[in-house]
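Quick notes on the structure that follows.
Readers should treat all values here as calculations from the given coordinates under stated rules, not as data from a laboratory. No experiment lies behind these values; they were computed from the predicted model shown. Cβ: placed from backbone, ideal geometry, glycine included. Neighbour counts: every protein chain shown.
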Amino acid sequence: MTQAGRRVRLLASVLAALAVGCSSRGRSPGGNAGRTIVEASPRAVMGTECVLKAVVPADRVGEARAALKRAEQALRRLEAVMSVHLADSALSRFNAAPARREIRLPAELTDLLRRAASFTELSGGAFDVTCGPVVRLWKRCAKAGRQPSEEELRQATARVGMKHLSITERGVTKLVAGVFVDLGAIAKGCGVDRAVEVLRGSPAVVGAMVNVGGDLRCFGTKPDGGSWRVGVQHPFREALCGALVLRDAAVATSGDYRRFVVIAGRRYSHIVDPRTGRPVEATHSVTVVSLPTAGKAPSATDADAWATTLSVMGPKGLALLEGRSDLEALIITGTPARPEVHMTDGFRRLLAPGTGINLE
Ligand code: ADP
Ligand code: MG
């Protein structure tokens, strides 16, 4: 990631965190009297900023602190298994393994790979966690200040595809050499879900918000009984372009303004089309909201994977959400001078009353 990329990403995440952070404290009318919010901002979780909040009765702050600590530990445990940046993570051990050797992996990693495989199928290959060779090629070329050659792209994409992985109860096997799994598009969401499950498990916690680098999930209410407000980052400048009002939901955003590489003065998204090996160009920002349905809680994992999927597919991907009550999405395409906003009707209904998406 470039310096500029890192700065923009930091700002975007901080803005998102601020947007959800306008918390009221203490007593309030309406049956929520005596509730308070306890916050934690553990450093460098999953390589990004992280904000955890728990709403508890004012006399149970100690339990909130303990629950927040356990949630942080859950996030760090998951990172230790799934990070490609930690050489001794289970995923890195798998990536370093040769072809045709079955590698035993922790169940949570195998489960997430299975879930990732279902997204690959659903999206016709737009989402694919085996895109590692392509992602790494672009990073390497950016460092050298050049574009990858056609031959390099061909070689990298030849190693991309879930068909190159065999996933069984016993373990995971690479079927060809050079497969590299990168869970960057889904692991943060999975972490958010895990942290929320921990907080839900604490009897004192009546509401919570977990935000890992802009991917987040909330439940319950703020101490004053009000809903959670979540800012939508403006893709073209350092501002918010909308606000969501949510109770029990997960939200993820993917954008080319957040992380990118620069080659010869031109920005390239960190999201690639695994089928062509080329960075996504037309979609600047995607925000996906996952909502509860009968029998299923909101899923930050789904929101995260869908945000990346729709970044690759563009507005036509919204057709996949038709008839689904658990997912709503916003896609911003076009140019700063002529932005184009595409959203599901349900997404519009989640915006703060009387507001829209403002790309001025
Ligand atoms: P962010 O990390 O900014 O929230 P995403 O959730 O969209 O953004 O994840 C992007 C990361 O996922 C990339 O940095 C790369 O590691 C990986 N990735 C890129 N393109 C794809 C894709 N088409 N399918 C799956 N993973 C991808
Ligand atoms: Mg994602």
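Checked against a 28 Å cut-off, the cross-linked pairs Lys163/Lys316; Lys69/Lys139; Lys69/Lys174; Lys69/Lys163; Lys69/Lys143 give Cα-Cα distances beyond that limit for Lys69/Lys139; Lys69/Lys174; Lys69/Lys163; Lys69/Lys143. The residue among Thr301, Pro148, Phe236 whose Cα reaches farthest toward the positive pole of the charge dipole of the chain, with charges on the beta-carbon of Lys, Arg, Asp and Glu, is Pro148.
Think of it as helices only: each DSSP H run of n ≥ 4 in the chain is worth -39500 (n - 2.57), and spread over all residues that comes to -10500 deg cm²/dmol at 222 nm. Please find, in a Gaussian network model of the chain (springs between Cα atoms separated by less than 10 Å), the residue of Phe127, Phe236, Phe219 whose mean-square fluctuation is greatest. It is Phe236. Result for the chain in a Gaussian network model with C-alpha springs under 10 Å: among Gly265, Gly334, Gly178, the largest mean-square fluctuation is at Gly265.
When only the Cβ of Lys, Arg, Asp and Glu is charged (+1, +1, -1, -1), the dipole of segment 269-360 relative to its Cα centre reaches about 100 debye.
In a fully extended conformation the segment linking Leu122 and Ala96 would gain 6.5 nm over its present Cα-Cα distance, using 0.36 nm per residue.
Maximal additional length on extending the Glu108-Asp345 stretch stands at 81.9 nm, based on 0.36 nm per residue less the C-alpha distance. Taken over the alpha carbons of the chain as equal point scatterers, the Debye sum produces base-10 log I(q)/I(0) values at 0.09, 0.12, 0.15 Å⁻¹ of -0.49, -0.87, -1.34.
Give the calculated FRET efficiency between Arg77 and Arg146 to the nearest 0.05, with a Förster radius of 51 Å applied to their Cβ-Cβ distance. Efficiency, from the Cβ-Cβ distance: 0.85. Between 0 and 90 degrees, the angle of helix 107-122 with respect to the longest Cα principal axis of the chain falls at about 70 degrees. Of Pro148, Pro203, Pro315, the residue with the greatest mean-square motion in the GNM of the chain, using alpha carbon springs below 10 Å, is Pro203. Straightening the chain between Glu238 and Lys69 buys 57.7 nm, computed as 0.36 nm per residue apart minus the Cα-Cα spacing. Spin-label pair Ala87-Ser41: with each label point 7 Å from Cα along the Cα-Cβ axis, the two points sit 3.2 nm from one another. Hydrodynamic estimate: the Kirkwood radius of segment 220-319 over Cα pairs, inserted into Stokes-Einstein at 4 °C and 1.567 mPa s, corresponds to D of 86 µm²/s.
Inverting the mean 1/r over all pairs of different Cα atoms, compute the Kirkwood radius of segment 73-128 and quote it in Å. Present the calculation step by step, with values, prior to reporting the outcome.
On the way: mean 1/r = 0.0810 Å⁻¹.
Kirkwood radius, segment 73-128: 12.3 Å.
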